[in-house]
Amino acid sequence: AVKGSGTVDLVASGTLSNGQTVIVTSDGKVAGVSTSDISQSVGSPAVFESANSQWTSATFDSANSKVVIAYKDAGNSNYGTAVVGTVSGTSITFGTPVVFESANSTYISATFDSTNSKVVIAYSDGGNSNYGKAVVGTVSGTSISFGSVATFRSAQVEFVSTTFDSTNGKVVIAYKDDGNSDYGTAIVGTVSGTSISFGSATVFESAATRHIAPVFDSTNGKVVIAYRDDGNSAYGTAIVGTVSGTSISFGSAVVFESANLGSGISAAFDSTNGKVVIAYQDDGNSSYGTAIVGTVSGTSISFGSAVVFESATMSDYNAVAYDSNAGKVVIAYRDGGNSTYGTLIVGTVSGTSISFGTAVVFESAVTDYLSATFDSTNNEVVIVYKDQGNSNYGTAVVFQNASTSTNLTSENFIGFSDAAYTNGQTATIQIISSVDDAQSGLTTGSIHYVQNNGSLSTTAGNPSVVGGTALSSTQISVKL
């Protein structure tokens with residue numbers, strides 16, 4: 001029954017039950033709040049560069065909802081090149097590649113500066129003594145343009161890798177400084193317009209440092225750098241960095257694997273659980289693919305027990321991305337136990353550990369130079385690689401994690417169905433200032449939130465949507 005004047009009549013899209021929470025659809029109808037299951041799936045590989053492509057690095061431009069891939073184009077004098085990808089379903093299409101460095105470019109790493117809505121690419125410039133360089137890219141439509149190249153280290157650099165500190169709005173570049181005894185070093189970059197400037201470099205490991213993988217812990221506002229410490233038996237090591245202004249300082253290094261790490265190491269941040277996940281090749285255990293969960297506290301990091309996700313040689317390259325929609329970690333790697341095919345596996349963090357599902361082959365050929373990024377607009381992971389089974393072409397594939405989706409947003413809830421209606425009927429909806437009396441089990445006097453499946457709870461869901469205040473166990477005063 002309707003109590004109060006707040007009602008509206010709209011056509012039902014699908015069936016509605018009495019008292020059901022409803023949304024207004026994009027075509028002006030009303031539908032019940034509900035969830036639906038999405039199955040795990042892998043799209044078809046798509047070529048972004050019909051030439052030998054190396055040092056691939058992918059990042060997601062959330063301002064433009066585009067994937068940007070930076071790479072060395074061996075089909076064009078090994079020039080540093082970037083291309084913009086657009087995801088639709090489990091497919092990805094590409095614009096025209098754009099050169100950002102007209103010289104041999106290696107150790108390429110791309111990140112997205114969400115403060116300035118810019119892509120930043122760091123690399124080693126073979127046309128200038130392998131100096132450390134960086135350039136700012138601006139995405140427009142399906143293309144990207146670049147500002148002037150800036151030098152962050154006037155010496156040879158290797159193992160260049162980037163992350164973005166969203167708390168401080170800064171880019172952090174970590175690298176092996178060949179001009180300073182191969183020490184592990186980091187530097188903070190500040191984007192302004194289409195330029196980037198740098199503070200002073202800071203050594204985080206006073207020993208030869210390789211396979212460097214920085215990641216930003218947004219829960220604690222810290223940068224975590226995982227790396228192989230050749231000054232300590234090539235052990236897997238991590239260190240916490242704190243950005244302040246244009247500088248970065250570090251806590252004490254922590255060993256997470258007391259064994260020689262192979263050439264594959266990558267890291268991602270699980271923002272749901274507030275944990276860092278590091279994937280690596282454990283040469284102390286038959287070069288198996290292994291992962292470990294790290295917890296940052298202050299300027300230090302502690303680790304749970306290592307977990308094997310591939311009981312075979314995880315050859316060289318791997319990449320890890322966090323799917324915040326599904327709440328899952330996705331690791332892409334070369335499976336040495338299966339013809340070094342391109343393979344992925346999904347991990348779930350719980351406490352200080354991680355468990356894994358069944359591995360999935362995404363490319364039935366040898367893959368190199370893997371990179372992965374999460375497209376938060378389409379809620380899919382894009383994996384980028386060199387496909388040795390197809391002339392070493394630069395290739396990308398879209399992975400859809402199994403998840404549950406909802407039609408509820410932070411804006412589309414309008415109220416409760418006043419009765420039961422069938423599809424196409426005109427339905428009376430109780431909106432703000434009405435009282436719906438078709439509920440049960442409500443907590444009197446408490447605000448109730450609409451959940452993703454349409455139920456009501458005194459705990460906010462995600463998104464947080466207020467349904468109203470319970471007047472009794474069966475009545476709710478509609479509030480938006």
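The values are calculated or read from the model by the stated rules, or taken from the named source; none is laboratory data. Everything quoted here is computed from the prediction, not taken from an experiment. As a convention, Cβ positions derive from the backbone with ideal geometry for all residues, glycine included, and neighbour counts pool all protein chains shown. Surface areas here come from the heavy atoms of the whole protein model, side chains and all, with no ligands, DNA or RNA. Shrake-Rupley method; radii C 1.70, N 1.55, O 1.52, S 1.80 Å.
Observations on the structure shown:
- Total residues in the stretch 421-451, condition among the polar types (S, T, N, Q) and open to solvent by less than 50 Å² (accessible area, probe 1.4 Å): 6
- Screening the candidates T167, T151, T138 for the property of being within 22 Å of V67 (Cα to Cα), open to solvent by 10 Å² or more (accessible area, probe 1.4 Å), of a type in the set (S, T, N, Q) and at pLDDT 95 or above yields one hit, T138.
- For the condition of a type in the set (G, A, S), more than 35 Å from the chain's Cα centre (by Cα) and more than 30 Å from L370 (Cβ to Cβ), S417 qualifies.
- Every residue from the stretch 385-430 that is modelled with pLDDT of 95 or more, out of contact with any Leu (no Cβ under 7 Å at 6 or more places or on another chain) and among the aliphatic types (A, V, I, L, M): A396, V397, V398, L408, I414, A419
- Strands (runs of 3 or more DSSP E) contained in the stretch 343-411 and holding at least 3 residues of a type in the set (A, V, I, L, M) and touching a residue at least 24 places away in the same chain (Cβ under 8 Å): 360-375, 380-387, 393-400
Conditions (1) in contact with a Gly (Cβ under 9 Å, 6 or more places away or on another chain); (2) part of a loop (DSSP other than H, G, I, E, B); (3) within 16 Å of A58 (Cα to Cα), marked per residue:
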| residue | (1), (2), (3) |
| --- | --- |
| E101 | yes, no, no |
| T106 | yes, no, yes |
| T111 | no, no, yes |
| N116 | yes, yes, no |
| V120 | yes, no, yes |
| T138 | yes, no, yes |
| I144 | yes, no, yes |
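- Any hit, the stretch 234-251, residues being in a loop (DSSP other than H, G, I, E, B), open to solvent by 40 Å² or more (accessible area, probe 1.4 Å) and either more than 23 Å from I187 (Cβ to Cβ) or of a type in the set (A, V, I, L, M) (or both): no
- Residue within the stretch 257-278 that is at pLDDT below 95 and of a type in the set (V, I, T) present: yes
- Members of the stretch 178-198 that are surrounded by fewer than 22 Cβ atoms within 10 Å (Cβ to Cβ) and over 22 Å from the mean Cα position of the chain (by Cα): D178, G179, N180, S181, D182, Y183, S192, G193, T194, S195, S197, F198
- Tally of residues being under 20 Å from the mean Cα position of the chain (by Cα) and under 15 Å from P214 (Cα atoms) across the stretch 246-291: 13
- Listed by first and then second residue, the pairs linking a residue in the stretch 195-211 that is within 13 Å of I173 (Cβ to Cβ) to a residue that is open to solvent by 30 Å² or more (accessible area, probe 1.4 Å), with Cβ atoms under 6 Å apart and 6 or more places separating them unless they lie on different chains, are S197/T190; G199/T246; G199/S247; F204/F250.
- The one condition from (1) within 20 Å of A134 (Cβ to Cβ); (2) in contact (Cβ under 8 Å) with a residue 40 or more places away in the chain that V30 does not meet is (1).
- Qualifying residue in the stretch 271-280 (condition: surrounded by fewer than 20 Cβ atoms within 10 Å (Cβ to Cβ) and not in a loop (DSSP other than H, G, I, E, B)): no
- Test: residue in the stretch 332-339 that is more than 18 Å from the chain's Cα centre (by Cα), surrounded by 19 or more Cβ atoms within 10 Å (Cβ to Cβ) and outside any loop (DSSP other than H, G, I, E, B): yes
- V320 farther than 20 Å from F204 by Cα, in contact (Cβ under 8 Å) with a residue 40 or more places away in the chain and either open to solvent by less than 20 Å² (accessible area, probe 1.4 Å) or touching a Cys at 6+ places or on another chain (Cβ under 6 Å) (or both): yes
- All positions within the stretch 110-135 that are hydroxyl-bearing (S, T, Y) and surrounded by 22 or more Cβ atoms within 10 Å (Cβ to Cβ): T111, Y123, S124
- Selection of the stretch 377-393 for residues being surrounded by 15 or more Cβ atoms within 10 Å (Cβ to Cβ) and either over 26 Å from G347 (Cα atoms) or of a type in the set (D, E, K, R) (or both) yields E380, K386, D387, Q388, G389, N392, Y393.
- Residues in the stretch 280-328 that are out of contact with any Lys or Arg (no Cβ under 8 Å at 6 or more places or on another chain), under 17 Å from G342 (Cβ atoms) and not hydroxyl-bearing (S, T, Y): Q281, G289, F309, E310, A312, A319, V320, A321.
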